[in-house]
Amino acid sequence: MKQFFESIIVTGNYNLDDLTERMTKCYALGRLTEAELTDLIALATENAQNAEQVDVYAQIVDLQHRVAQLEQAGYVVWTPGYTTRRGEIVRYDVTGDGNLDLCQYDGGRTETALGIGKIDGWYLLDEHLNKTATITKGEAGAFVIAPIENE
């Protein structure tokens with residue numbers, strides 16, 4: 001059994017917590033001695049690769065939590081082809097900072113399926129839902145955000 005675990009450790013393709021748990025179970029079942037378990041844990045700890053230590057389950061739980069927060073906020077995340085009604089607030093990263101911004105279509109049409117900024121009437125909102133800037137698309141396709149000047 002010790003050679004089996006050593007062959008896994010040599011590859012470096014393992015999650016340290018999972019492997020340690022499996023080795024401990026083998027020790028509890030009498031398939032490894034205490035000395036073998038101690039040696040294997042030390043070897044596994046030395047050879048663990050950081051890239052393999054990612055907890056995918058924890059990442060999925062985090063993403064589920066973040067999506068739930070967005071859904072609870074009551075704002076749809078805008079995707080291409082989505083039809084936006086006049087006055088509707090949607091979420092989309094127009095600032096390019098990786099965070100979903102609050103955007104509102106408040107143009108002349110009752111609704112639009114055109115993308116954010118492709119027609120007049122798109123606004124960037126602050127956390128209090130105040131219009132802070134207009135959103136248009138530049139010639140290169142990038143968003144142009146023009147602050148609204150207070151009078």
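Coordinate-derived values only; no laboratory data. This is a predicted model, so every value here is computed, not measured. In this analysis, Cβ positions are derived from the backbone assuming ideal geometry, glycine residues included, and neighbour counts consider all displayed protein chains.
Ordering LEU129, LEU114, PRO147 by Cα displacement along the dipole of the stretch 74-147 toward the positive end leaves LEU114 in first place; charges were set at the Cβ atoms of Lys, Arg (+1) and Asp, Glu (-1). A crude spin-label estimate for the pair GLU111 and ASN99, with each label 7 Å from Cα along the Cβ direction, gives 3.1 nm. For the pair ALA35 and ILE148, the difference between a 0.36 nm per residue extended length and the Cα-Cα distance amounts to 33.6 nm. Taken as Cα centroids, the stretch 76-99 and the stretch 127-151 sit 13 Å apart, rounded to the nearest whole angstrom. Using alpha carbons only, how many degrees (0 to 90, rounded to 10) separate the axis of helix 34-47 from the longest principal axis of the chain? With both axes taken from Cα atoms, the answer is about 40 degrees. Each Lys and Arg contributes +1 and each Asp and Glu -1, all at the Cβ; summed about the Cα centre of the stretch 74-147, the dipole is approximately 260 debye. With a cut-off of 12 Å between beta carbons, the residues surrounding GLY108 carry a summed charge of -1, where Lys and Arg count +1 and Asp and Glu -1.
For LYS25, a cut-off of 23 angstrom between C-alpha atoms picks up these lysines, skipping any fewer than 8 places away in its own chain: LYS2.
Please label the shape of the stretch 1-48 as rounded, prolate or oblate, based on the square roots a ≥ b ≥ c of the eigenvalues of the alpha-carbon gyration tensor (a/c under 1.5 means rounded; beyond that, a/b larger than b/c means prolate, else oblate). Prolate, because a/c is 1.5 or more and a/b exceeds b/c. On a 0 to 90 degree scale, rounded to 10, what angle separates helix 2-11 from the longest Cα axis of the chain? On a 0 to 90 degree scale, this one is about 40. Put a dot 7 Å past the Cα of ASP120, heading toward its Cβ, do the same for ILE8, and the two dots end up 6.6 nm apart. Bridgeable lysines around LYS137 (alpha carbons under 17 Å apart, same-chain partners fewer than 8 residues away excluded): LYS118.
Dividing the alpha-carbon radius of gyration of the chain by the rule-of-thumb value 2.2 N^0.38 Å gives 1.79. Over all pairs of different C-alpha atoms in the stretch 92-151, the reciprocal of the mean inverse distance, the Kirkwood hydrodynamic radius, equals 11.9 Å. Taking label positions 7 Å along the Cα-Cβ direction at both GLU127 and ASP62, the computed distance is 2.1 nm, reported to one decimal.
Treating only the Cβ atoms of Lys and Arg (+1) and Asp and Glu (-1) as charged, compute the dipole magnitude of the stretch 22-151 about its Cα centre; round to the nearest 20 debye. It would help to have the intermediate numbers written out before the result.
Details: 11 positive and 20 negative charges, 111 e Å.
Dipole about the Cα centre, nearest 20: 540 debye.
Each Lys or Arg adds one and each Asp or Glu subtracts one; over the other residues with Cβ under 14 Å from the Cβ of ALA42, this totals -4.
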